[in-house]
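Just so it is clear, none of the values below were taken in a lab; they were calculated from the coordinates. As the structure is a prediction and not an experimental result, all values here were calculated from the model. Don't worry about glycine lacking a Cβ; one is built from the backbone with ideal geometry, like all the others, and counts go over all protein chains shown.
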Amino acid sequence: MATSLTSSLISLAPLILAMMMCLGSACANLERFEHLPKPNGSLSFLVVGDWGRRGLYNQTEVALQMGIIGEMMDIDFVASTGDNFYDNGLTGVDDPAFNESFSKIYTAPSLQKPWYNVLGNHDYRGDVEAQLSPILRALDSRWLCSRSFIVNAEIVDILFVDTNPFVDEYFTKPGGYNYDWRGVLPREKYLSNLLKDVDSALKESRAKWKIVAGHHTIKTAGFHGDTEELVKQLLPILEENHVDLYINGHDHCLEHISTADR
């Protein structure tokens, strides 16, 4: 299966996307990580989402296969599309779930690379600040987590977008869950600034490829259905700026959706 980037797509479960790309910049009020490609100009990485299960629900089996594919492709990093720790995120920086769901699981030599992480809705049910804390990176140097940020790898700019605050239901019908909205409220200002930053970063990018990653679906044939708030607010910005690919988690399945004109 090939995307418009002529990338290799490999399904491992629940969602693993492997891409090979061969060399741009972006800037806005978003944290940026510089990640140089290989000397030959190539870049490869795995994408996984909805994974933090303390090894259960086939997590260890998927991790094993990620290690094999990671070595085969000589990956440069791993990107996580959120729901990093089930069921309710982390309780704090000393939560053993960090070790039991991350450090002890992804032990293959090929996976000892940077992990760029955004947050999912399950993460927001716990202590969000814990996942963002540099203390976790001190515990495991692979861990890089922020709300929204850019990975600039010369040929490609990858914008990781915090999609959780877009979803109205989490605010109006939280279903008994306590979402940690510290750093997000007031919501309207947060979203307005985020959309401006994403638009600016995409417009200023000189990378050959532009990729956006978030937790929630935009379009999907899966269980959760389209995220209408993203369809209305984020999708027009992606289309206007000719984003090549949007990658997400949340639906626990692998889909490749393309538009008629791309």
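Quick rundown of the values:
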{"item": "Inter-label distance, nm, simple model (7 Å from Cα along the C-beta direction), Asn29/Glu71", "result": "4.7"}
{"item": "Of Leu234, Ala213, Asn152, farthest towards positive along the dipole that unit charges on Lys, Arg, Asp, Glu beta carbons give segment 116-244", "result": "Asn152"}
{"item": "Whole-Hz couplings from phi, Karplus 6.51/-1.76/1.60, listed for segment 72-77; x for Gly and Pro", "result": "4, 9, 6, 5, 9, 6"}
{"item": "For segment 208-225, 3J(HN,Hα) per residue [Karplus equation, 6.51 cos²θ - 1.76 cosθ + 1.60, θ = phi - 60°, Hz, x = Gly/Pro]", "result": "5, 10, 10, 10, 10, 10, x, 6, 8, 5, 9, 10, 7, 9, x, 4, 6, x"}
{"item": "Radius 13 Å from Cβ of Leu132, net charge of other residues (Lys, Arg +1; Asp, Glu -1)", "result": "-3"}
{"item": "Neighbour-count order for Tyr177, Tyr246, fewest beta carbons within 10 angstrom listed first", "result": "Tyr177, Tyr246"}
{"item": "Interchain or long-range residues, amide H under 5 Å from Arg32's placed H", "result": "Ile150"}
{"item": "Cα-based equivalent ellipsoid of segment 16-247: semi-axis lengths in Å, sorted from largest, via gyration tensor", "result": "25, 24, 16"}
{"item": "Burial ordering of Arg147, Arg187, fewest other beta-carbon atoms within 10 Å first", "result": "Arg187, Arg147"}
{"item": "Ala79 long-range amide H proximity, modeled H, under 5 Å", "result": "Leu46, Val47, Val48, Tyr116"}
{"item": "Cα-centred dipole magnitude for the chain, charges only on beta-carbon of K, R (+1) and D, E (-1), debye, nearest 20", "result": "360"}
{"item": "Two-site label geometry, Trp181 and Val231: point separation in nm, points 7 Å out along Cα→Cβ", "result": "2.4"}
{"item": "Cβ-derived FRET efficiency at R0 22 Å, Lys208 paired with Leu64, nearest 0.05", "result": "0.10"}
{"item": "Relative exposure of Asp244, Asp87, judged by other C-beta atoms within 10 Å (fewest first)", "result": "Asp87, Asp244"}
